[in-house]
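**Student:** Have a look at the structure that comes next, please.
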Amino acid sequence: MLAGLAAIVVLTAYQGFAEVGQVFAAAGWGIALVTAFHFLPMVASALAWRAAAESITRSKVSVFLWARLLREAVNGLLPVAQVGGDIVGARVLTFHGCGAPAAGASVLVDMTLEFLTQIVFTVIGLGLLVANGGGEMTSWVAVGLAVAMLAAIGFLLAQRWGVFRLLEKLLDRMAAFFDWPALGSLANLHDTVMTIYRDRRAMTGAILWHMASWILGAVEVWLTLLVLGADVSFAEALVIESLGQALRTAAFLVPGAYGIQEGGYMLLGVHFGLAPEIALSVSLIKRVREFVLGVPAILVWQFIEGRRLLAAADTTSEEGA
């Protein structure tokens, strides 16, 4: 994480702090507009998650939206390999009447569908890149896309063949060995996942909402570029966003893809004739948005967790007395 943050500083210094600062100053209140616009793709993602979980839970849309906000905040701001937020999201669902197996299964299915629709989104971006004359970049993207497709197929087959049954057994043994009964609460995880997948109407709705979220993300990048004064088409913005997000996903071991995202957006932006400082600013504005929306969400979550911990301690004290 520290190396990634250092890379962002180095890239900004290389382009010139003054030049990047001028780009930000010119954007002005447009940055706030872009930040507010992000709620649209976030709502679409929350609706996709709720659609997938429709057969196992009746939690309100607001619950899924809050959980989705936390998922993005934790994955984007904390050193959790971009997956810790998904665990937090599942935990939030359990606060609102959703059992642990249902919450965990819904997150696993939602992550899978999000990844699969991202591949489709990347294919669209690759097609537009080829039409634009992507050159050597096209071959690298195609190789990465082929690897992603193989990974997706492997993950789906693993789910089908019962990989979560192995996880259930592992958790049961850990719960017994360490005397942590909470770990054993994910019994029937595999069966719950399969129940979700069998609801074809729910799967169709979730896929459509996820695709809407990816497209709205491209609109967000297009709006960001307009705010920065760049003259680009929506198709070009879609290529930048689709391939930029693919690069971020590939770099999941780097917390928040710090440095990786910035370098990727600069490379893609320059390909479409953008000034390097503007291409870099697109990524930096995303960072500003993550900070503005994510930090308050994490603080509220910690407050909620603190209250629950204190309440549990008080209950234990009363039982002991």
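The values are calculated or read from the model by the stated rules, or taken from the named source; none is laboratory data. Given the structure is predicted, the values throughout are model-derived calculations rather than measurements. Ideal geometry is used to build each Cβ from the backbone, glycine not excepted, and the neighbour counts take in all protein chains shown.
**Student:** State yes or no: is residue 274 under 19 Å from residue 220 (Cα atoms) and assigned to a loop (DSSP other than H, G, I, E, B)?
**Tutor:** On the way: under 19 Å from residue 220 (Cα atoms): yes; assigned to a loop (DSSP other than H, G, I, E, B): yes.
In short, yes.
**Student:** Give the residue, chosen from 265, 258, that is in contact (Cβ under 8 Å) with a residue 40 or more places away in the chain and out of contact with any Pro (no Cβ under 9 Å at 6 or more places or on another chain). Even if it seems obvious, please write down each step before you answer.
**Tutor:** Working: 265 fails: in contact (Cβ under 8 Å) with a residue 40 or more places away in the chain.
The match here is 258.
**Student:** Considering only residues that are among the small types (Gly, Ala, Ser) and outside any helix (DSSP H, G or I), look in the stretch 216-249 and name the one that is surrounded by the most Cβ atoms within 10 Å (Cβ to Cβ).
**Tutor:** Just the residues of the stretch 216-249 that are among the small types (Gly, Ala, Ser), to begin with: 217-218, 229-230, 233, 235, 237, 242, 244, 246.
Restricting the remaining residues to those that are outside any helix (DSSP H, G or I) gives 229-230, 233.
Details: 229: 12, 230: 21, 233: 13.
Restricting to residues being among the small types (Gly, Ala, Ser) and outside any helix (DSSP H, G or I), the top hit is 230.
**Student:** Tell me the residue from 109, 74, 63 that is closer than 30 Å to residue 188 by Cβ, surrounded by 17 or more Cβ atoms within 10 Å (Cβ to Cβ), at pLDDT 90 or above and over 16 Å from the mean Cα position of the chain (by Cα), please. Walk me through it before giving the result.
**Tutor:** Details: 109 fails: over 16 Å from the mean Cα position of the chain (by Cα); 74 fails: over 16 Å from the mean Cα position of the chain (by Cα).
Going through 109, 74, 63 in turn, just one is closer than 30 Å to residue 188 by Cβ, surrounded by 17 or more Cβ atoms within 10 Å (Cβ to Cβ), at pLDDT 90 or above and over 16 Å from the mean Cα position of the chain (by Cα): 63.
**Student:** Another question, if that's okay. Only one residue in 7, 26 is over 13 Å from the mean Cα position of the chain (by Cα), surrounded by fewer than 16 Cβ atoms within 10 Å (Cβ to Cβ) and not acidic (Asp, Glu). Which one? Before you say what the answer is, go through the steps one by one.
**Tutor:** On the way: 7 fails: surrounded by fewer than 16 Cβ atoms within 10 Å (Cβ to Cβ).
Only one candidate passes the filter, namely 26.
**Student:** Residues in the stretch 97-105: is at least one buried (at least 21 other Cβ atoms within 10 Å of the Cβ), more than 25 Å from residue 299 (Cβ to Cβ) and either of a type in the set (A, V, I, L, M) or in contact with a Lys or Arg (Cβ under 6 Å, 6 or more places away or on another chain) (or both)?
**Tutor:** Taking every residue of the stretch 97-105 in turn, at least one turns out to be buried (at least 21 other Cβ atoms within 10 Å of the Cβ), more than 25 Å from residue 299 (Cβ to Cβ) and either of a type in the set (A, V, I, L, M) or in contact with a Lys or Arg (Cβ under 6 Å, 6 or more places away or on another chain) (or both).
**Student:** Quick one: is residue 92 at pLDDT 90 or above, surrounded by 16 or more Cβ atoms within 10 Å (Cβ to Cβ) and touching a Lys or Arg at 6+ places or on another chain (Cβ under 8 Å)? So that I can check it myself, show each step before the final result.
**Tutor:** On the way: at pLDDT 90 or above: yes; surrounded by 16 or more Cβ atoms within 10 Å (Cβ to Cβ): yes; touching a Lys or Arg at 6+ places or on another chain (Cβ under 8 Å): no.
It is false that residue 92 is at pLDDT 90 or above, surrounded by 16 or more Cβ atoms within 10 Å (Cβ to Cβ) and touching a Lys or Arg at 6+ places or on another chain (Cβ under 8 Å).
**Student:** Where in the stretch 27-120 are there helices (runs of 4 or more DSSP H), lying fully within it, with 3 or more residues that are among the charged types (D, E, K, R)? Break it down into steps so the answer makes sense when it comes.
**Tutor:** On the way: elements: 30-37, 39-52, 61-77, 84-94.
Because the criterion is at least 3 residues that are among the charged types (D, E, K, R), the helices (runs of 4 or more DSSP H) in the stretch 27-120 that meet it are 61-77.
**Student:** If you go through the stretch 6-49, how many residues are over 16 Å from residue 293 (Cβ atoms), in contact with a Ser or Thr (Cβ under 8 Å, 6 or more places away or on another chain) and hydroxyl-bearing (Ser, Thr, Tyr)?
**Tutor:** Result for the stretch 6-49: 0.
**Student:** Would you check if there is a residue in the stretch 282-298 being at pLDDT below 90 and either of a type in the set (Asp, Glu) or crowded, with 23+ Cβ neighbours inside 10 Å (or both)? Let's see the steps before the verdict.
**Tutor:** Here is the first cut: in the stretch 282-298, the residues at pLDDT below 90 are none.
No, the conditions are met nowhere in the stretch 282-298.
**Student:** Going by what's in this entry, would residue 74 be described as farther than 26 Å from residue 202 by Cβ and in contact with a helix residue (DSSP H, G or I) (Cβ under 9 Å, 6 or more places away or on another chain)? Break it down into steps so the answer makes sense when it comes.
**Tutor:** Values: farther than 26 Å from residue 202 by Cβ: no; in contact with a helix residue (DSSP H, G or I) (Cβ under 9 Å, 6 or more places away or on another chain): yes.
Considered against the rule, which asks whether it is farther than 26 Å from residue 202 by Cβ and in contact with a helix residue (DSSP H, G or I) (Cβ under 9 Å, 6 or more places away or on another chain), residue 74 comes out as no.
Residues are listed down the side, and each one gets a yes or a no for (1) of a type outside the set (Asp, Glu); (2) surrounded by 14 or more Cβ atoms within 10 Å (Cβ to Cβ); (3) modelled with pLDDT under 95; (4) assigned to a loop (DSSP other than H, G, I, E, B):
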residue	(1), (2), (3), (4)
214	yes, yes, no, no
263	yes, yes, yes, no
313	yes, no, yes, no
317	yes, no, yes, no
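**Student:** Now for a separate question. Enumerate the pairs (first residue in the stretch 96-119 and in contact (Cβ under 8 Å) with a residue 12 or more places away in the chain; second residue anywhere and crowded, with 21+ Cβ neighbours inside 10 Å and aromatic (Phe, Trp, Tyr)) with beta-carbon separation below 6 Å, excluding pairs fewer than 6 apart on the same chain, so at least 6 apart or on different chains.
**Tutor:** 110/49
**Student:** Taking the criterion of being under 15 Å from the mean Cα position of the chain (by Cα) and under 15 Å from residue 63 (Cα atoms), would at least one residue in the stretch 119-127 satisfy it?
**Tutor:** No, every residue in the stretch 119-127 fails to be under 15 Å from the mean Cα position of the chain (by Cα) and under 15 Å from residue 63 (Cα atoms).
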